[in-house]
1. Among B:ALA53, B:ALA93, B:ALA64, which is surrounded by 15 or more Cβ atoms within 10 Å (Cβ to Cβ), under 34 Å from the mean Cα position of the chain (by Cα) and within 30 Å of B:ILE195 (Cβ to Cβ)?
2. Residues that are over 23 Å from C:ILE216 (Cα atoms) and of a type outside the set (Gly, Ala, Ser): find the strands (runs of 3 or more DSSP E) completely inside the range C:1-96 holding 1 or more of those.
3. So which helices (runs of 4 or more DSSP H) stay within the range B:184-253 end to end and still have 1 or more residues that are free of Cβ contacts under 8 Å to residues at least 60 places away in the same chain and basic (Lys, Arg)?
4. Every residue in the range C:115-170 that is out of contact with any strand residue (DSSP E or B) (no Cβ under 9 Å at 6 or more places or on another chain), in contact (Cβ under 8 Å) with a residue 24 or more places away in the chain and among the basic types (Lys, Arg), please.
5. Any idea how many residues of the range C:64-91 are in contact with a strand residue (DSSP E or B) (Cβ under 7 Å, 6 or more places away or on another chain) and touching a residue at least 40 places away in the same chain (Cβ under 8 Å)?
6. Condition check: touching a residue at least 40 places away in the same chain (Cβ under 8 Å), in a helix (DSSP H, G or I) and either of a type in the set (A, V, I, L, M, F, W, C) or over 28 Å from B:GLN234 (Cβ atoms) (or both). Does A:ILE78 satisfy that?
7. Restricting attention to the range B:65-90, which residues are touching a residue at least 60 places away in the same chain (Cβ under 8 Å) and facing another protein chain (nearest Cβ under 10 Å)?
Amino acid sequence: MSSRTWKRPPLIKDTTWRYGLLALMALYFVAAFFSYDVNWSRVYEGLDRGWTFIKSFTNPDFTTRWTDISEGIWESIIITVTSTVVGIILAIPLALGAASNLAPKPIYYLARGFIAVARALHEIIVAILMVAIFGFGPLAGFITLTFSTIGFIAKLLAEDIENISKPQAEAVKSTGSGWWQWINYAVQPQVMPRLIGLSIYRIDINFRSSSILGLVGAGGVGATLNTAFDRYEFDTAAAIIIIIIAIVMVLEYLSGFIRARVQ
Amino acid sequence: MPVTTKGELKVWQRRDRAKQFKIWFGWFIGVAIFMFCWKIISDATTWFFVYDAPRIAVDIGGRAWPPRWSYLSELWKPMWDTINIATLGTLLAIIMGVPVAFLAATNTTPSKRFLRPLALLIIVSTRSINSLVWALLLVSIIGPGIFAGTLAIAIRSIGFVAKLLYEAIEEIDVNQVEAIQATGASKLQVIAYGIVPQIMPAFAGLSVFRWDINIRESTILGLVGAGGIGLYLQSSLNILAWPQVTVILIMILIAVVISEWVSSKVRLAII
Amino acid sequence: MLELKNLGKRYKTGDDALKGVNLTIPNGQVIGLIGPSGAGKSTLIRCVNRLVEPTTGTVILNGTDITKLSSSGLRKARREMGMIFQEYALVDRLTIMENVMSGRLGYMGFWKSFFRKYPQSDIDEAFRLLERVGLDHMVDKRADELSGGQKQRVGIARALIQQPKVILIDEPTASLDPKTSRQIMRLISELCKERQLSAIVNIHDVALAQMFVERIVGLQDGELVFDGAPDELTPEALTKIYGEEDWEATIDDVDEGEENVGDQNT
């Protein structure tokens, strides 16, 4: 028998496609690379400051601006709590409307449209608009995060509702239950663990976001952080970052704990 | 017991009294905390502005419409920059995040005592800090521009990529790995033949997913001077050029919708 | 020759999976290892190539003490020992050729294997083996597209391309239907004969074991309780291995099975 050779089959079979795609990617990277205009001497000068910043983590300054920091963190926490609660409450009816197996078509499209807009705009952009409309302060932050919480929870919850077990849903419907009874007995028990999981995850996200809203005047610790960087007070910035990381870690630990109990 | 007997009757309750009381108490505490938080927000709010809000919103809306379409021609370059920040930032994050993931996964880490905690620390700290904060920091260190923005996106994404990837590595089928070990393969060969093929779908999926998120994130980095379309948003806002803001927002919306569509298509193709 | 001397394994949980097993397998002999679940069959064969580290005792393959080897020495020794798994343990997302070639990893440098630059002699051997197991027409299919029987054939080819002296076979038929099980067992026993390989086959199907192996070893709670020819496996012996049960039916099965062997050879 003459020897048969073997080559690994390529990912894309068609050679024109394969090389075309490769060429396009190469072209893109070259073009992207040349649109970067890096001022290397400025970067080099910055290395010093970068090192100062890293060193400041060994010696963070909690005291000098403690009143600003503590008020900011406190405000962030409060924005997180309120926006998560209100967001979830408002997201539930929206999710029912955005589930294709529950809602009539016009409501479905309306709900999906609202979700798409709520998810597409970054929190900061929404916050800018809210500050313009409602004035500076935590209320703008609260409204911003409520808005994006609604989009987030409603989308994922609607997907979960669409994936519920059909036999269970049919079994409850066949007992002659009304629509609300059907939601309460067939849908709610199936999606509850997911809703709880999502809510806890959203607390985590909202806290992280609330720490930047201050940059545009929507309340929270972001304003203090911004000033600290502006004045090159890296030790204060380090202190704030350490507090944020610590709170996120506590939240993550708690969410792991609660999720394990729910399942 | 939820079932009690009252003479001849068996009375069924969903929960017994103590448990029911606990649940009510939990709700009571929850509502109290919420009311307390709400009071603080309310105190910090100038309600006069809020009552005025509908009028202001209408006013802004009126000024923002019609969009100033001629401004579009100035936006192509910053949009291109925004896409580059997201794409190259994601790429850098993948390059840095993959080794971190292998160090963090219990079944591939070379040292559980030293390297694994270090990897987990990198994951937690990069993930907890918003990319806007990273941008703030990098702009103050290396100066404004898209380079700082790209690095900010990259650093924020390291933790994301590494976390999801190391969870995928820990969930692989050990039998396939054992089979490769049994052939006398070296450690690197075991990774290349036993582990990498198994995590490939998860890896590709999370990379595209993160790219999609990063498109959205990179639209705002300009607010702190880290390049992209956010810079134009910032300057339009500063001069209260609302018709330009509308054009920018529409452009961002289109970019985000397209990237989400691409990402979901690619993810479907992988599975 | 493969010798196990006083082989013992205690898991971290404190369970003694193996309690001083002594076993000698001459070159070219295929033995069937039977016993109830949890008797330590799987642990025993994994101690041979140290996928599980034995706590006491030694494993000697043709004069080399495997338990004393350094990690690079162990890798060399593993090349001499092919292994076939219960759930096939093919790498699902690699092609059949890549799966078979993973049997040559121990003989190859990392970059060669990473870029799939296999020596032509290995590829020739892979095609020969795939032809022998009847799969040479589908080398570029991915492993997860195959049926159970086909996967196990690839598993066999992967073990044999190592040019092993011994093969360790862990419940090769546990996930297969009865007919495919026999075909796979027949293939294994034929290949062992052709290549003068010794083999340890873990198997829970007593009838199947009696049909295809020349020597049966019974393991019960980590200890050897039976060692003899298949026809010495009386109801008393089975009771010793598995505990009290009506064994006549099992043995009847065997007779029927042996009558059928001829029909299935086609």
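1. On the way: B:ALA53 fails: within 30 Å of B:ILE195 (Cβ to Cβ); B:ALA64 fails: within 30 Å of B:ILE195 (Cβ to Cβ).
One residue alone meets the criteria, B:ALA93.
2. Details: elements: C:2-10, C:16-25, C:30-34, C:56-61, C:81-84.
Once the strands (runs of 3 or more DSSP E) in the range C:1-96 are filtered for at least 1 residues that are over 23 Å from C:ILE216 (Cα atoms) and of a type outside the set (Gly, Ala, Ser), what remains is C:2-10, C:56-61.
3. On the way: elements: B:187-190, B:196-218, B:229-238.
Per the criteria, B:187-190, B:196-218.
4. Residues satisfying the conditions are C:ARG132, C:LYS151, C:ARG153.
5. Narrowing the range C:64-91 to residues in contact with a strand residue (DSSP E or B) (Cβ under 7 Å, 6 or more places away or on another chain): C:65-67, C:77, C:80-86.
Still in the list and also touching a residue at least 40 places away in the same chain (Cβ under 8 Å): C:80-86.
Of the residues in the range C:64-91, 7 are in contact with a strand residue (DSSP E or B) (Cβ under 7 Å, 6 or more places away or on another chain) and touching a residue at least 40 places away in the same chain (Cβ under 8 Å).
6. Answer is yes for this residue.
7. Here is the first cut: in the range B:65-90, the ones touching a residue at least 60 places away in the same chain (Cβ under 8 Å) are B:65-69, B:71-72, B:74-75, B:78-79, B:81-90.
Scanning the range B:65-90 gives B:ASP81, B:ILE83, B:ASN84, B:ILE85, B:THR87, B:LEU88.
Here is a yes/no grid of residues against (1) loosely packed, with under 15 Cβ neighbours inside 10 Å; (2) touching a Gly at 6+ places or on another chain (Cβ under 8 Å):
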position	(1), (2)
C:LEU2	no, no
C:ALA17	no, yes
C:VAL21	no, yes
C:SER37	yes, no
C:PRO54	no, yes
C:SER71	yes, no
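Read-outs: derived from the displayed coordinates by stated rules, not from any lab. If you're wondering where the values come from, they're calculated on a predicted model, not measured in any experiment. Ideal geometry is used to build each Cβ from the backbone, glycine not excepted, and the neighbour counts take in all protein chains shown.
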